[in-house]
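Worksheet for the structure shown next.
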Amino acid sequence: MDGFNSYIDGIDRNFLENLCREKGKAVHYRKGECFVEAGQQTQHIAYVRKGHFTYIAHNKTESKDYIIGFVFQGEFVAEYPHCMYQLPASITIRAATPCDVYQIEAEELARLFAQPTYSRYAQVFAEQLFLQVYSRLIDVYAKTPEERYLELQRRHPQLFQTLNLKEIALFLRVTPATISNIRKRFTFGE
């Protein structure tokens, strides 16, 4: 799933991965287990060695969960801004499969990022995350559900083998029926 989270392309992956390996600890999450739950203090950042996580935002008014992101093997899992500022998490991050990670305490990472030697890493990390979120926001307003579906399929075809229809629909902020209709149009040329 390399390249799903585009922010990773602009940062020194090796630095963060090595940091998690050297200063963190190996942890296993069972499928369905929370890395962090909305409302709880978020404590860790981790490098995903195996498996993938789902980022979930709960809409209280609709009483509905939305998938707002995924993190796959070779990427980093965290509720980053809340973690770095020691705020309660605004989302839930759940293991979608059994996951193995190298997990580092957020306080340790914040301490390192405060040092002049490492401050550039913190800046680039935040900038790249902002660019990714900004691009996703624009896509929601500037592209139709069909365009977002086709782009996701083009950029990450392997995602469709890993996720079910409902997860894809929740991520694209459409109904599973909408996804089915889009698939039908392209399968049967409607």
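Rounded, prolate or oblate: which one fits the stretch 25-89, using the alpha carbon gyration tensor with axes a ≥ b ≥ c (rounded when a/c is under 1.5, else prolate when a/b beats b/c, else oblate)? The partial results should precede the final answer.
Working: a/c = 2.00, a/b = 1.33, b/c = 1.50.
Oblate.
Mean residue ellipticity, 222 nm, helices only, the chain: the sum of -39500 (n - 2.57) across DSSP H runs of n ≥ 4, divided by residue count and rounded to 500, is -13000 deg cm²/dmol.
Express in nm, to one decimal, how much length is gained between Arg155 and Leu87 on full extension, taking 0.36 nm for each residue of separation and deducting their alpha carbon distance. Please list the in-between numbers first.
Details: separation 68, 0.36 × 68 = 24.48 nm, distance 3.33 nm.
21.1 nm is the gain from fully extending Arg155 to Leu87.
Stretched out straight at 0.36 nm per residue, the stretch from Val133 to Arg111 would grow longer than its current Cα-Cα span by 5.4 nm. Evaluated over the chain, the count of Lys pairs having alpha-carbon atoms less than 28 Å apart is 16 (only pairs 8 or more residues apart or interchain). Once the Cα atoms are used to define both axes, helix 13-23 deviates from the longest principal axis of the chain by about 50 degrees. Our coupling estimate for the stretch 113-121, obtained by passing each phi through the Karplus curve with A = 6.51, B = -1.76, C = 1.60 and θ = phi - 60°, is 5, 6, 7, x, 4, 10, 4, 4, 4 Hz, Gly and Pro reported as x.
Taking amide hydrogens as placed 1.01 Å from N in the peptide plane, the amide H of Ser90 sits under 5 Å from those of Gly39, each at least 5 positions away in sequence or on another chain.
Relative contact order (percent) for the stretch 117-181, with alpha-carbon contacts under 8 angstrom and 6 or more residues of separation?
Working: 21 pairs, mean separation 13.8, N = 65.
Reported relative contact order: 21 percent.
Sites listed here are GluC sites (Glu not before Pro) in the stretch 79-187 whose DSSP assignment is loop and whose Cβ has at most 12 other Cβ atoms within 10 Å, and the list is empty.
With contacts defined as alpha carbon pairs under 8 Å and 6 or more residues apart, what's the relative contact order of the chain in percent? Let's see the in-between values first.
Numbers: 307 pairs, mean separation 49.2, N = 190.
Once normalised by length, the contact order is 26 percent.
Residue exposure proxy: Arg120, Arg136, ordered by other Cβ atoms within 10 angstrom of their Cβ from fewest to most, comes out as Arg120, Arg136. Rounded to whole numbers, the Karplus 3J(HN,Hα) couplings from phi for the stretch 165-179 are 4, 5, 5, 5, 4, 5, 5, 7, 6, 9, 8, x, 4, 4, 4 Hz, using 6.51 cos²θ - 1.76 cosθ + 1.60 with θ = phi - 60°, and x at Gly and Pro.
Just check the stretch 143-186 against the gyration tensor rule for me: Cα atoms, a ≥ b ≥ c as the square roots of the eigenvalues, rounded for a/c under 1.5, and otherwise prolate or oblate depending on whether a/b exceeds b/c. Here the stretch 143-186 falls in the rounded category. If you plug the beta carbon distance of Leu165 and His58 into 1/(1 + (r/R0)^6) with R0 = 30 Å, you get a FRET efficiency near 0.90.
For the stretch 67-190, what class follows from the C-alpha gyration tensor (a ≥ b ≥ c being the square roots of its eigenvalues): rounded when a/c is under 1.5, otherwise prolate if a/b is larger than b/c, else oblate? Prolate is the answer for the stretch 67-190, as a/c is 1.5 or above and a/b outweighs b/c. The value of relative contact order for the stretch 6-117, using C-alpha pairs under 8 Å at least six residues apart, is 39 percent.
Computed from the coordinates by the stated procedures, all read-outs in this text should not be read as laboratory data. These numbers come from a predicted model, not from an experiment. With ideal geometry, Cβ positions are generated from the backbone for all residues, glycine too; neighbour counts draw on all protein chains shown.
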